[in-house]
1. Tell me which residues come under 5 Å, amide H to amide H, from Asp465 once H is placed; ignore anything under 5 positions away on its chain.
2. Could the peptides 465-477, 27-39, 655-667, 569-581 be put in order, highest first, of the mean number of other beta-carbon atoms found within 10 Å of their residues?
3. Work out how far the C-alpha atoms of region 140-263 reach from end to end along every principal axis, then list the three figures in whole Å, largest first.
4. Taking the Cα atoms of region 208-282 alone, what are Rg (to one decimal) and Dmax (as a whole number) in Å?
5. Place the peptides 330-339, 545-554 in order of packing, highest mean first, counting for every residue the other Cβ atoms within 10 Å and averaging per peptide.
6. Between rounded, prolate and oblate, where does region 559-684 land on the alpha carbon gyration tensor, with a ≥ b ≥ c its root eigenvalues, rounded for a/c under 1.5, else prolate if a/b exceeds b/c?
7. Return the sequence-ordered ³J(HN,Hα) values of region 279-289 in whole Hz as given by the Karplus equation 6.51 cos²θ - 1.76 cosθ + 1.60 applied to θ = phi - 60°, using x for Gly and Pro.
8. Could you order peptides 350-357, 74-81 by the average number of other Cβ atoms within 10 Å of their residues, highest first?
Amino acid sequence: MPDRGSGGGPSGPRIRVGRPSRRARTLLMTAGVLVVLAMLFVMFSGFWTDWLWYRSVDYSSVFTKTLWTKVGMFAVFGLLMALAVGFNIWLAHRLRPPLSAMSMEQQSLDRYRMGLAPYKKWVLLGITALVGLISGASAAGQWRTWLMWVNGVAFGTKDPQFHKDVSFYAFDLPFYRFLLSFGFAAAILSLIAAALVHYLYGGLRVTTPGARATAQATGHLSVLLGVFVALKAVAYWLDRYGLAVKSGDFKATDNWTGLKYVDANAYLPAKTILFIIAIICALLFFATIWRRTWQLPVIGFGLMVLSAILIGGLYPALVQKFQVSPNEQAKEAPYIKKNIEATRDAYDIDDAEVRQYDGKSKADDDKLRDAADSTASIRLLDPNVVSPTFQQKQQVRGYYQFPQTLDVDRYEKDGKEQDTVVGVREINTKGIPEKNWINEHFKYTHGYGMVAAKGTSVDKDGAPDFTEKDLPPKGDKGKYEGRIYYGEKTSQYAIVGGPQKELDYADNKGEKTYTYKGDSGVDLSNPVNRAAYAVNFNEPQILYSGAIGKGSRVLYNRTPKERVEAVAPWLTIDGDPYPSVVDGRVQWIVDAYTTSNGYPYSSRTTLGDTTEDSLTDGQRSVVAQQNRVNYIRNSVKATVDAYSGKVKLYEWDKKDPVLKTWMKAFPGTVKSKASISDDLMDHLRYPQDLFKVQRELLQTYHVTSPSQFYSGSERWQVPDDPTHKGNAVPPYYLSLKMPGQKDQQFQLTTTFNPNKRETLGAFMAVDADARSDEYGKIRLLRLPPNTTVAGPSQVQSKFNSEPEIAEIINRIRRGDSEVEYGNLMTVPLEGGLLYVEPVYVRGAGVNYPRMQKVLVTYGERVAFEDSLDKALNKVFNTPDRDEGGERTGPGDQEKEKGENPPNASVDEALKDAQSAYDAGQKALEKGDWEEYGKQQKALEDALKDASEAEQSDGGKNGSGSGSDGDSGSGSGGG
């Protein structure tokens, strides 16, 4: 017998592969367990850090309520879907025919059945689990729909068609539609799964002749088809109500919502008829359990499809063509009226006061000049232009920054309210001298101080007239906590309160250090917390760094919008939070909205598009939970403490049913309006994004007549910003006295053009002072349709084309200087419209803008002067006014003459004038406007002196001749 161990042939040596040693198996098992644990910890860390953050801001109830609602939706609907699909798979398998009756077709499937046989239970569990997980995850995303349905509060307003409360459409109908879509998904998935099992086990046959389905399969599938058709019947019934919130195109508006004539008289009865047909068809499918044939249900289903085409499609088209189109305006008038009333109510514009305004004044110049001072406190400092000036003059250090667009607030000075441009000095990590992990997250942790400047004046150089400035802060605001740990541009995390000292601010004596003393943020003394944040921030140094110790806290989600959105995920956040000094602390004030997409007959708008203008950027865009809406209220005012990060939500609109619904869902999260402090109330204002939405709707819905609405003859449009073409002009805050008001009020204003024209169509203002009894009151001044009053674009064009002005602008630009135009403000004045636009210049070598000129136009008059008072004096032909708008009397004029005696000779005066002119031109080329102004004044004085000297010399010469003549005459006579 050959030796099996010897080489060669089939009996050669074999290579024996041994099993892994016990040690290797242990290592592999350990590594596997560690990998699984690491994956679980990564999943856990996100959940754990979220919980810690919500607990740190005292809104843990929001986290738990949201979490348990999602878990509940996931579990209930995931389980229901799994049971529905799993039960039908099990039932189809239970109803399978005997294997002895298999056809040739089924014999070919035998290997699949044999392969599945040992794993039937696992396959069933796997399929049902997968379907359940997917369905549960989808249902969890509907947590807002569930909470609104469970907690819905009545609006107290009924729709005009079905006479149901608006809450049915806003809260109930969305949930019913969710249930319906879930039912359709369950029926379809169950039908597919059951059909596959019946086919696999012989209940269905495709290629073989004879009976194609067993009686059991026929009955089972018929019931599922009957359920599907029954759900379709429910869909037809809900579609009836859906017509009240259905959007579509209409000649009168692009965003029509609600029923039209064809909907009420064709689609509505068609949906009712189709509902009845679907019920009958479903009953025919259910009857197949006993009849064992699909003949009648198939015929019924075919009739239902045919009816849907004829009744639901062809019939409405015929009604539209032969009844509506020949007399559309008359047919649609009642429905247009319903749409107008619902839209105006849903956007809170139904109380807008519309007043006819001529646009031309009959007042004399003196009255107009007086009115210019009393009607408006015209803001010369444009918050959209002067941020670089704040940056240059008040940045102090490169690691501070201001937002690109500053804010307008109000502060009291000497008992008088004053419009103020404000910004806070936030940390700028890009400007840190030496960038590393410690410096970015431990040392340079916060900004410092508010900077404020008068809105209605500038200093002698054209720069802001600061009322709060420098480090440490000093000015009108008094003593307050100036450290800014939370801000609009503070986006990265910081670790504070531990052994590592923070940079507070720097002065001439060096750097001042600080340790955070607030209770904001999450404690990092716990090693589990440190590990979780190391994973969450993808920064392993958090786990072992010696800079973290006792008292260390991590601050994140540091922008005001992020914090408010997180604690109130049911709110839509305004794009422009603004800072105010309130009760000794810097507070970010954030406006928040409740919205709905289910207000019947109210036309929809897209928040992202509607709130966009020439100043909108990523920082100022609205944070919308629901982008397409047809109902909105500024129901919540929120504050975020810039030092502690504390978030407070205050109820603002007590009547809003959407807010009441969410307050029921999240009790205790929103404080009452009465808890707003007096100091905070002084700084609350009407929000810009709501105003933009309302002006968008008022372009069309200022019209209340159905016939005018249909014709579109009175439609307006928001003009383009004349200095940023292609973008809507932004609204402006302005202290203004509208016609009919006794005193100036802090207001938010905008203009309208007639559709496809550039003249002025209307002026709109809303009372923006939260303390005013008329807060939120919208006033519209509607100009005659044939008006020739210039709109913003035409005013800017007039400014650019005026020869004298254009020459000055061109000279400035030739001197390597840049010209920037400020906000073009419109002021209704004694029946006419006054336009004021500050003009800023960036001189050569000066990288920030200074206000150097003011454009004023009224009617056909234009003035372009160094100050607002001079421009108003010129445009109203009142040169005898001083810089304060007061008349200059004869005594003042004599005094001025006495203070500026004429030069001894005309030649000397002209020489001075030439020198002043030459010096002024050199200053102009350098962009030195201060020097240019001085030389222009010297030139004016020199020319005046020359004129007076010439008159004086002429008078003396005449007197001398006369004397001589008299003398000669006298001699001759003697």
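1. Distant-sequence amide H within range of Asp465: Lys454, Asp459.
2. Result, highest mean first: 569-581, 655-667, 465-477, 27-39.
3. Projected onto its principal axes, the Cα set of region 140-263 covers 61, 36, 23 Å.
4. Answer for region 208-282, Rg first and Dmax second: 18.7, 61 Å.
5. The densest-packed peptide leads the list: 330-339, 545-554.
6. Details: a/c = 1.99, a/b = 1.28, b/c = 1.55.
Cα axes put region 559-684 in the oblate bin.
7. For region 279-289, the Karplus curve yields 4, 4, 4, 5, 5, 5, 5, 5, 5, 4, 4 Hz.
8. Details: 350-357: 14.5, 74-81: 18.5.
Ranking, from highest mean packing down: 74-81, 350-357.
Values quoted throughout were computed directly from the atomic coordinates according to the rules given, and no laboratory measurement underlies them. Bear in mind that the values here come from a model prediction, so they are computed numbers and not experimental data. Don't worry about glycine lacking a Cβ; one is built from the backbone with ideal geometry, like all the others, and counts go over all protein chains shown.
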